[in-house]
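A short reminder: the numbers here are calculations on the coordinates, not readings from a lab. Remember, it's a predicted structure, so these values are computed and weren't measured experimentally. Virtual Cβ from ideal backbone geometry, glycine too; neighbours counted across all protein chains shown.
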Amino acid sequence: MKKNEPGKPASPTFVFDDGAGYELMMGRWSALVAEPFLDWLALPSGLAWLDSACGDGSFTEHLVRRQRPSSVVGVDPSPAQLSFARQRASVASVSFLQGDAQALPVSSSSVDAAVMALVLFFVPDPLAGIRELLRVTRPGGTIAAYHWDMAGGGFPLQPIINAARDEGYEPQKPPSAWAATLEASAALWRNAGSLEVEIRQFEVSRTFASFDDFWCTAYSNPRLRALFESLSSAVLQRLYDRVRQQLGVATEGPLQLKARANAVKGRRG
């Protein structure tokens, strides 16, 4: 399993410092949710949008293509993620800014719709992040988000986390994993002052070329990468074998996995 061993030191927890790696691990999953999510929002073209904690620009790209917005601002704390996002040809018109979801560098009442894609569980104070979405959105505008169903096992890398637990290890959870349930999301939106709150769950599937193709994506997740780097080669090999066996797949041949995302939307009064 030498080819799967990490080639660089562990990064600080939950800092996504590799845009290309994030795209392979999560950006492609996010893109699968983006389509039904935008269908559900059912917003007209030509609006001004904010993509809070836009990451590598995966959702931003779909937003531009689907909605034909009048403007888009993407905000993220990671220079590496923003650098990758700016390289996407279809987002040339997007204004990307470095900043915190809890203190957006965006003027109040300046956009028609503000969204978070796969972000809420990483925000230390989710309510502050939602209030920022409301602040920058014009009255009557939409604030919305989608995030993995962490509590319900809908996270795309859940098979690895499950196997790690079976081996006696517990990868660190995102700081606000509790906020990712449908009920908690709806409550947060209402507590922030959002009106007409609705929730929805989406299930998506992704096909990998092989089990190793799936396994390698886990190295772009800071919490799993840190776990892998803490294990001996023998234990890491055992974890690899356990995940593969639990999925019931061979090392060669395609692998299809499913994931579930919880979504929430509301309106600024």
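For the stretch 154-269, the Stokes-Einstein estimate of translational diffusion at 37 °C and a viscosity of 0.692 mPa s comes to 203 µm²/s, using the Kirkwood hydrodynamic radius over alpha-carbon pairs.
Helical runs assigned H by DSSP (4 residues or longer) give the chain a calculated mean residue ellipticity at 222 nm of -10500 deg cm²/dmol, each run adding -39500 (n - 2.57) before division by the residue total.
GNM remark for the chain: springs join alpha carbons under 10 Å apart, and the peak mean-square fluctuation among L118, L134, L41 falls on L41.
Taking Cβ atoms as reference points and 15 Å as the exclusive limit, the residues near G140 contribute a net charge of +3, counting Lys and Arg as +1 and Asp and Glu as -1. Within the shell of other residues whose beta carbon sits under 12 angstrom from the beta carbon of L104, the net charge comes to -2, with Lys and Arg scored +1 and Asp and Glu -1. Here the translational diffusion coefficient of the stretch 29-100 follows from Stokes-Einstein with Rh set to the Kirkwood radius across Cα pairs; for 37 °C and 0.692 mPa s it amounts to 272 µm²/s. For the peptides 123-130, 46-53, the ranking by packing is 46-53, 123-130, with the highest mean count of neighbouring Cβ atoms within 10 Å listed first. Remark: spin-label model distance E198-T251 equals 4.8 nm, labels positioned 7 Å along the Cα→Cβ axis. Full extension of the chain between D166 and A151 yields a length gain of 3.7 nm, computed as 0.36 nm times the residue separation minus the alpha carbon distance.
Radius of gyration (Cα atoms) of the chain, expressed as a multiple of 2.2 N^0.38 Å: 1.00. Across the chain, the relative contact order, built from alpha-carbon pairs under 8 Å that are at least six residues apart, equals 23 percent. Put in order of Cβ neighbour count within 10 Å, fewest first, the listed residues M150, M26 become M150, M26.
Only the Cβ atoms of Lys and Arg (+1) and of Asp and Glu (-1) were treated as charged; on that basis the dipole of the chain about its Cα centre amounts to roughly 320 debye. Rounded to the nearest 10 degrees, the inclination of helix 126-136 to the longest alpha-carbon principal axis of the chain is 40 degrees.
Once the dipole of the stretch 195-252 is set up with Lys and Arg at +1 and Asp and Glu at -1 on Cβ about the Cα centre, which of L239, Q201, T217 lies farthest towards its positive end? Of L239, Q201, T217, it is L239.
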